[in-house]
Every structure is written in C-alpha cells, then in structure tokens.
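Engineer: My questions all concern the structure below.
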Amino acid sequence: DTILFRDASGPPPVRNVRARPLSDDTASGVRVAWEPSPAPDVVAYRVEHAIIQPGVYTAVASGAETSATHASGSQNDWYRVIAIDASGNESPPSAPSRALSGDL
C-alpha cells in the first residue's frame, strides 16, 4: 500500500510589503515589493489591491518574484501579498501597505 501525505498548512505570511507609485514620464501605476515568505516550498505570490484599507481586496498580479507592478494603481491605494506553497495552501495576507511616494 502507498500512503500519500498532503501538506495542509499554509506558509507564513510575507513581511515588509512596500508600495510606491511610479512617477516618471515612461511608467504609471504602483510598484509593490516584499520580503519572501520563509517557507521553502513557496512557489508563487498573489498581490491584492483595495482602494481603502479595510475594503475588499482583489488580485492584481501573481508570480514567483518578490515584486510586481500594478499598472492601474495610484497613490494612496492599499496592497497586500499572499504566499502560495506547492500544495496550493495560502498564507494569511500580509499587513496592508499604502502606496505612498518614496523609494522602494
């Protein structure tokens, strides 16, 4: 007989999410960057966006990188990031970050 074990717990949340509006003549939107989840089996991140902090967040980007650009985002919008592991488990959302001018 074969016994298969499935990972049923999500990875720890990402930390230090930073959102900054792009402000040059060639780009618009918001750049979001974060520290990776410390779990070794994280395969992707999902960036979510809301107009107000306690609002409804919707997915605007996903991928394996620790940064993403939301082309239609703007200053004062809110962002959070969710880590996804190889079994499809999701981390709790990161603390939300407000898109404010400054360096990432």
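Each value in this text was obtained by applying a stated rule to the coordinates, not by laboratory testing. Computed from a predicted structure; not experimentally measured. Heads up, the Cβs are rebuilt from the backbone with ideal geometry, glycines too, and the neighbour counts pull from every protein chain shown.
Engineer: Set the Förster radius R0 to 25 Å, insert the Cβ-Cβ distance between Q53 and S28 as r into 1/(1 + (r/R0)^6), and round the FRET efficiency to 0.05.
Structural biologist: Numbers: r = 22 Å, r/R0 = 0.90.
Efficiency computed from Cβ-Cβ geometry: 0.65.
Engineer: Using a simple spin-label model with points 7 Å from Cα along the Cα→Cβ vector, what separation in nm is obtained for T69 and R15?
Structural biologist: For the pair T69/R15, the computed spacing is 2.9 nm.
Engineer: With the contact rule set at Cα under 8 Å and sequence spacing of 6 or more, what percent relative contact order holds for region 1-72? The partial results should precede the final answer.
Structural biologist: On the way: 103 pairs, mean separation 20.8, N = 72.
Relative contact order, region 1-72: 29 percent.
Engineer: Where is the GNM fluctuation largest for the chain (alpha-carbon springs, 10 angstrom cutoff): D77, D85, D41?
Structural biologist: D41
Engineer: Hey, another quick one. If you take every residue apart from S91 with its C-beta less than 13 Å away from the C-beta of S91, what net charge results, scoring Lys and Arg +1 and Asp and Glu -1?
Structural biologist: Details: positive: R15, R46, R80; negative: D7, E35, D41, E48, D85, E90.
Here the count lands on -3.
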